[in-house]
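Trainee: The structure's right below; bear with me while I get my questions together.
The values are calculated or read from the model by the stated rules, or taken from the named source; none is laboratory data. Owing to the predicted nature of the structure, the values given are computational and were not obtained by experimental measurement. Here the Cβ is made from the backbone with ideal geometry for all residues, glycine too, and neighbour counts use every protein chain on show. When the accessible area is computed, the model is the full protein with side chains, heavy atoms only, and any ligands, DNA or RNA have been set aside. Shrake-Rupley method; radii C 1.70, N 1.55, O 1.52, S 1.80 Å.
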Amino acid sequence: MEQRAGERITEEVSSWPGVLAGPGRRGELAFKVGGREIGHLHGDRVAHFGFPKGVWQGLFDEGRIDYHPIVPGRPGFGARAIETEADVDEVIALMRLNYDRVVAQHGLPTEAAA
């Protein structure tokens, strides 16, 4: 049986050191590193992210993300629809971008902080 998009993304992102996956406040599946969210999924259909505005602008200009539907027109919060295998790969890459940024700034969480 082929893996669903959300399952594939969850399997990959959850394998990174320090990442915890769990329910968010609005029914989404959130991925966190030491309490800092690196992105979340709404089932198999869309991923949402928060990025520093400069990073967000570059990703938006490249067509890698769109505005978050809750805050349209507001840089910093992005969305990526999941419709193809390429979208799954891109969601994983975007989560990795945030993961690498968080780990570089704050380090990996200790067992107690995770």
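Trainee: Considering the stretch 56-76 alone, what residues qualify as being closer than 24 Å to Arg8 by Cβ and open to solvent by less than 70 Å² (accessible area, probe 1.4 Å)?
Mentor: Across the stretch 56-76, the qualifying residues are Leu59, Gly63, Arg64, Ile65, His68.
Trainee: Yes or no: the stretch 77-86 includes at least one residue that is farther than 17 Å from Val13 by Cβ, open to solvent by 30 Å² or more (accessible area, probe 1.4 Å) and in a loop (DSSP other than H, G, I, E, B).
Mentor: There is at least one residue in the stretch 77-86 that is farther than 17 Å from Val13 by Cβ, open to solvent by 30 Å² or more (accessible area, probe 1.4 Å) and in a loop (DSSP other than H, G, I, E, B).
Trainee: For the stretch 29-53, which positions are in a strand (DSSP E or B), open to solvent by 50 Å² or more (accessible area, probe 1.4 Å) and more than 20 Å from Leu108 (Cβ to Cβ)?
Mentor: Leu29
Trainee: Criterion first (over 16 Å from His48 (Cα atoms), touching a Gly at 6+ places or on another chain (Cβ under 8 Å) and at pLDDT below 95) does His68 satisfy it?
Mentor: Considered against the rule, which asks whether it is over 16 Å from His48 (Cα atoms), touching a Gly at 6+ places or on another chain (Cβ under 8 Å) and at pLDDT below 95, His68 comes out as no.
Trainee: Which one is nearest to the chain's Cα centre (by Cα) among residues in the stretch 14-52 that are more than 13 Å from Arg101 (Cβ to Cβ) and among the basic types (Lys, Arg)?
Mentor: Filtering the stretch 14-52 for residues that are more than 13 Å from Arg101 (Cβ to Cβ) and among the basic types (Lys, Arg), the one nearest to the chain's Cα centre (by Cα) comes out as Lys32.
Trainee: Would you mind finding the one in Ala21, Ala93, Ala30 that is closer than 21 Å to Gln3 by Cβ, touching a His at 6+ places or on another chain (Cβ under 8 Å) and modelled with pLDDT of 95 or more?
Mentor: Going through Ala21, Ala93, Ala30 in turn, the sole match is Ala30.
Trainee: Mind checking whether some residue in the stretch 8-15 is over 18 Å from Ile70 (Cβ atoms) and at pLDDT below 95?
Mentor: Among the residues of the stretch 8-15, not one is over 18 Å from Ile70 (Cβ atoms) and at pLDDT below 95, which makes the answer no.
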